[in-house]
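Visitor: Sharing a structure with you now.
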Amino acid sequence: MGVEVAVEGLTKSFGSQNIWRDVSLTLPAGEVNALLGPSGTGKSVFLKTLIGLLHPEQGSVIIDGTDIVQCSAKELYEIRKLFGVLFQDGALFGSMTLYDNIAFPLREHTKKNEDEIRRIVMDKVELVGLAGAEDKLPGEISGGMRKRAGLARALVLDPEIILCDEPDSGLDPVRTAYISQLLIDINAEIDATILIVTHNINIARTIPDNIGMLFRKELVMFGPREVLLTSDQPVVKQFLSGDRFGPIGMSEEKDEAVAAAEAAMQAAGIAGGGTKDDFSEVIPQVQPNPDMPVRQAAIRHRQNVLNIINDLPAGAQAAIRASIADEDRRAAESPEHSATLVAMANHQFDYPGGVAVDQYGTDTEVVSSAGGATEVIETPTQVITADYEADTDTIVIDDRTEEVTTVTREDGTRE
């Protein structure tokens, strides 16, 4: 399983130029994360700081119990063995073939013989669609192929933490979809902690479990994808929609005159060029291929979301509940859906208040918490908890009137 990465109060500058300040977030162990933000906000700098290539002025980065900001060079060398890194430009050695580039970490950090190395390298070469190109030099192939070779090299040690700096850059939409699927499959297979820096909104909406966003030298927010994707924050909504009307300008700081002129254009019905997608909806997350193991990160992630759902705005709560119900409905209706969806549909989750239920099962049942004070009515599409009047024997669910089992609480209320 991947390890947790805990960042606290991180600040980085180059000379007098502050890049970002007081960044705090935690990449949960084994989950897929994405970091968004306009160009020039320091996303790549953040990745390089996580692996100790850049040293921050303040803050800590705790990885596997070690603060890499304060540790020795020897300790940092050992911590880096946990990482697989896909740099933005591939960062391949120009004088080495793709094969030797991909084999380099195995030769540097393991004692495997050349037969073992060849087996592993060719497996990764095929995985990223470069079979037949392994003897070429980086200068002899396209930028997209170099990116895929860089990803193969990042994966050869089956790392516990994978950092991907814009994995879609230089790739066509179809190859981008394959790379995205590959990252989800890898997470299912080795439960690695993954951080993706991207501008690709489709990746951001469908791949990660958690999303963060940098803007104006600060971390705007970081948390479950469902929270950011339903956020009402103007900068988040503008970035997700790709619209020019909003806080983000051609330069990061949009001046008041430009903002006022654009507001007038927007009021006049002039389009800002953004997508018209409904971002109040949480669209389905990409699932592992059918031959992959259950993605345990998805189960842990759903529990995290359920732990905080009651603290979210009403719109976000509605979107999340609809998303969960849709996932479980798809799992119940089709055996071809991901084993991860089926596992989540059948998993017992702990709900706020101490209630544990076999969520969204096919049979309606009433269960109680350990203390017996809370009752839960379960239906195939959602879980409902509430107090009802003594004579209540029906309830409206999604505009349908359903018969329910009524139980009496110790305080006299019925549910």
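The values are calculated or read from the model by the stated rules, or taken from the named source; none is laboratory data. If you're wondering where the values come from, they're calculated on a predicted model, not measured in any experiment. Note that we place each Cβ from the backbone using ideal geometry, even for glycine, and neighbour counts take in every protein chain shown.
Visitor: Among the residues of region 1-32, write down those that are touching a Pro at 6+ places or on another chain (Cβ under 8 Å) and surrounded by fewer than 22 Cβ atoms within 10 Å (Cβ to Cβ).
Guide: Glu4, Thr11, listed by residue number.
Visitor: I'd like the residue in region 27-58 that is of a type outside the set (Lys, Arg) and without any contact (Cβ under 8 Å) to a residue 40 or more places away in the chain and, out of all such residues, is nearest to Ser169 (Cα to Cα).
Guide: Val45
Visitor: Same structure again: Give region 131-145 a look and list any residue that's more than 30 Å from the chain's Cα centre (by Cα) and among the hydroxyl-bearing types (Ser, Thr, Tyr), or say none.
Guide: none
Visitor: May I ask you to list the residues in region 152-176 that are surrounded by 21 or more Cβ atoms within 10 Å (Cβ to Cβ) and among the small types (Gly, Ala, Ser)?
Guide: Passing the criteria: Ala152, Ala154.
Visitor: Hey, could you check region 121-144 for residues that are in contact (Cβ under 8 Å) with a residue 40 or more places away in the chain and closer than 16 Å to Arg175 by Cβ and say which is surrounded by the most Cβ atoms within 10 Å (Cβ to Cβ)?
Guide: Val128
Visitor: Please state which one of Ile248, Ile203, Ile207, Ile211 is touching a residue at least 40 places away in the same chain (Cβ under 8 Å), in contact with a helix residue (DSSP H, G or I) (Cβ under 8 Å, 6 or more places away or on another chain), crowded, with 20+ Cβ neighbours inside 10 Å and not assigned by TED's automatic domain parsing to the domain that holds Phe46.
Guide: Details: Ile203 fails: not assigned by TED's automatic domain parsing to the domain that holds Phe46; Ile207 fails: not assigned by TED's automatic domain parsing to the domain that holds Phe46; Ile211 fails: not assigned by TED's automatic domain parsing to the domain that holds Phe46.
That would be Ile248, the only listed residue that is touching a residue at least 40 places away in the same chain (Cβ under 8 Å), in contact with a helix residue (DSSP H, G or I) (Cβ under 8 Å, 6 or more places away or on another chain), crowded, with 20+ Cβ neighbours inside 10 Å and not assigned by TED's automatic domain parsing to the domain that holds Phe46.
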